[in-house]
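Below is one structure, written out as structure tokens; comments come after it.
The values are calculated or read from the model by the stated rules, or taken from the named source; none is laboratory data. Everything numeric here is computed off the predicted structure, so don't read it as measured data. Cβ coordinates were reconstructed from backbone atoms using ideal geometry, including for glycine residues, and neighbour counts include every protein chain displayed. What goes into the accessible areas is simple: the full protein's heavy atoms, side chains included, and nothing from ligands, DNA or RNA. Shrake-Rupley method; radii C 1.70, N 1.55, O 1.52, S 1.80 Å.
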Amino acid sequence: MESAAMRYKAITGLAAKAAEDMRAWEDHHARELDSRIAEAEAAVEQAKEREERTGQTVRHWWRMTADNVAHLSWLELGEEPIPVANARGSWLDRHLNEIKTVYQELVDAVLSLGWRDRR
């Protein structure tokens, strides 16, 4: 039969082991979270850089469009496009390709006009 002292020693040993296991789990979990946070911060930084590049690209396309439309006295250029906060980043490449296609259609249409229509 176990004495009370032996049971106490076994219980305190189990408690110490449980505390050690809990600290190890917490340390592992903290390192895992630190890694996830670093990945998320890197992703945010990449998204900011991509957003800036996209803004520059859109401004470039807009200036080229404005130059083409400036030769058409009968056509007024609308407002410069503004970014949309709820746009889906996953569709960005598709939208940029559509802009290139539409811009090329505009250029072709302007070039197909007679010289009188372009003044």
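Quick notes on this one:
- Leu75 surrounded by 11 or more Cβ atoms within 10 Å (Cβ to Cβ) and more than 33 Å from the chain's Cα centre (by Cα): yes
- For the stretch 70-96, a tally of residues being in a loop (DSSP other than H, G, I, E, B) and under 27 Å from Glu52 (Cα atoms) returns 12.
- Residue check, Ala19 open to solvent by less than 50 Å² (accessible area, probe 1.4 Å), of a type in the set (A, V, I, L, M) and modelled with pLDDT of 95 or more: yes
- Meets criteria (of a type in the set (D, E, K, R), on the phi < 0 side of the Ramachandran plot and open to solvent by 100 Å² or more (accessible area, probe 1.4 Å)) for Arg50: no
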